[in-house]
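The values are calculated or read from the model by the stated rules, or taken from the named source; none is laboratory data. If you're wondering where the values come from, they're calculated on a predicted model, not measured in any experiment. Here the Cβ is made from the backbone with ideal geometry for all residues, glycine too, and neighbour counts use every protein chain on show. Please note that ligands, DNA and RNA were not included when accessible areas were found on the heavy atoms of the full protein model with its side chains. Shrake-Rupley method; radii C 1.70, N 1.55, O 1.52, S 1.80 Å.
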Amino acid sequence: MKTVRDVLELRDLVREARDRGRTIGFVPTMGALHEGHLSLVRLARAETGFVVVSIFVNPLQFAPGEDLARYPRKEAQDAAALEREGVDVAYLPEPSAMYPSGFSTAVEISGISEGGEGAARPGHLRGVATVVSKLFLQVSPDVTFFGRKDLQQVAVVQRMIRDLDFPIRLVVGETVREPDGLALSSRNAYLSPEDRRIAAAFPRALFGARDAAGRGEREATLLAGRVRRELEAAGLHVDYVDVVDPATMEPVAVAVPGTALAAAIRVGKTRLIDNVLVP
């Protein structure tokens, strides 16, 4: 595995691989890698011939007062994990190279970015779209891999690929969970043992509502209300609970199959997101 920080070196390596007939797979991450990230790397290895993984804690997607400074950074451990997974290139650009002095361009996907995380974290999805578009132009992948846990991010990137004619196929990997159902997240490292115990109520409430929908309880307001009550009873602060069309992130009145229950909560000082699809 080669570790590169310079975009010109990255492009040379990708060009050489493509000249050898390899398809290029790309997994963008912010590091502090866990099994959820590595499951995407394995998908990329299985589907493409040359895998690039980026590690970049993107300042544009953090609002003032959020956890940019303390976001977990584990460069040595991440590099070792990617080496074990057979990654071809680890790309670790510097913020000053990604956003040089005078940088003033943003990519914003209207509509799809306005609810959920867009409303709870203004500017967050604009920062995601901007950095992902830059990474797509730098890596020039044939296929990119994102996890379903970040449901709205997936929708934003898919719409951006379509609207801006990126010649890239997006593959969505399923959410990887702990034995008690909690979705893997780099921010889980913030949880104290007591917070971690309480956080188990988050997936339990979502899966309970999913099961209720499977039994025929389809009214979105009832399902969302059920989730909110369970989360609050467990001592969690609820940012939002929505039933949405995962392709557009628009709220729906009836939880038909394929719609999603999406929520964000806070436990202690840690904010977590998750979602489940209605069967």
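Using every Cα-Cα pair within segment 80-121, state what percent have a distance larger than 15 Å. Display every interim value, and only then the final one.
Working: 586 of 861 pairs.
Counting every Cα pair in segment 80-121, those more than 15 Å apart make up 68 percent.
If you add up the charges near Arg42, with Lys and Arg at +1 and Asp and Glu at -1, over every other residue whose beta carbon is less than 13 angstrom from its beta carbon, what do you get? Each step should come with its number before you reach the end.
Details: positive: Arg45, Arg84; negative: Glu35, Glu47, Glu85, Glu174.
Once all neighbours under 13 Å are counted, the net charge is -2.
Suppose only helical runs count, i.e. DSSP H with n ≥ 4. What mean residue ellipticity at 222 nm does that imply for the chain under -39500 (n - 2.57) per run, divided by all residues and rounded to the nearest 500 deg cm²/dmol?
Calculated from helices alone, the mean residue ellipticity at 222 nm is -11500 deg cm²/dmol.
Normalized C-alpha radius of gyration of segment 120-275, against 2.2 N^0.38 Å? Mind dumping the intermediate values first?
On the way: Rg = 16.5 Å, N = 156, 2.2 N^0.38 = 15.0 Å.
Its radius of gyration relative to the 2.2 N^0.38 Å reference: 1.10.
Given bins 5 angstrom wide, list per bin the percent of all Cα-Cα distances in the chain, short to long.
Values per bin, smallest distances first: 1, 5, 12, 16, 19, 17, 13, 9, 5, 2, 1, 0.
Work out from phi, with θ = phi - 60° and the Karplus expression 6.51 cos²θ - 1.76 cosθ + 1.60, the ³J(HN,Hα) of each residue of segment 48-53, listed in order in whole Hz, and give x for Gly and Pro.
Coupling constants for segment 48-53: 9, x, 8, 10, 10, 10 Hz.
Compute, for the chain, the length of the dipole vector about the Cα centre, with Cβ point charges of +1 (Lys, Arg) and -1 (Asp, Glu) only. Units Debye, rounded to 20. Walk me through the numbers before you get to the answer.
Values: 35 positive and 37 negative charges, 53 e Å.
For this selection, approximately 260 debye.
Could you order Thr270, Thr248 by accessible surface area, starting with the largest, using a probe radius of 1.4 Å?
Thr248, Thr270
List the residues, sorted by chain then number, that are 5 or more residues from Glu219 or on another chain and whose placed amide H is less than 5 Å from its amide H.
So Glu219 has HN proximity to Ala255.
For segment 1-142, max minus min Cα coordinate along each principal axis, in Å, sorted largest first?
Computed over the Cα atoms, the extents are 43, 29, 27 Å.
Going by Cα centres, segment 197-219 and segment 168-183 are how many Å apart?
Answer, in whole Å: 17.
What does the accessible area per residue of the chain come to in Å², with a 1.4 Å probe and no ligands, DNA or RNA counted?
45 Å²
With Cβ to Cβ distances under 14 Å as the rule, what net charge do the other residues near Tyr99 carry (K, R +1; D, E -1)?
Result for the neighbourhood of Tyr99: +1.
If you take the alpha carbon radius of gyration of segment 189-279 and divide it by 2.2 N^0.38 Å, what ratio comes out, to two decimals?
Values: Rg = 12.9 Å, N = 91, 2.2 N^0.38 = 12.2 Å.
In units of the globular-protein estimate, segment 189-279 measures up at 1.05.
What does the convex hull of the alpha-carbon atoms of segment 98-163 project to on average, in nm²?
Averaged projected hull area, Cα only: 4.9 nm².
Would you please give the residues with an amide H less than 5 Å from that of Gly147, counting only those at least 5 places away or on a separate chain, with H modeled from the backbone geometry?
Gly173
Ignoring ligands, DNA and RNA, what percent of the 1.4 Å accessible area of segment 99-179 is carbon and sulfur?
Using a 1.4 Å probe with all protein chains present, segment 99-179 comes out at 48 percent carbon and sulfur.
I'd like the distance between the alpha-carbon centres of segment 45-74 and segment 1-31, rounded to an integer number of Å.
16 Å
Can you give the % of DSSP beta bridges in the chain that are antiparallel, to the nearest 5?
50 percent
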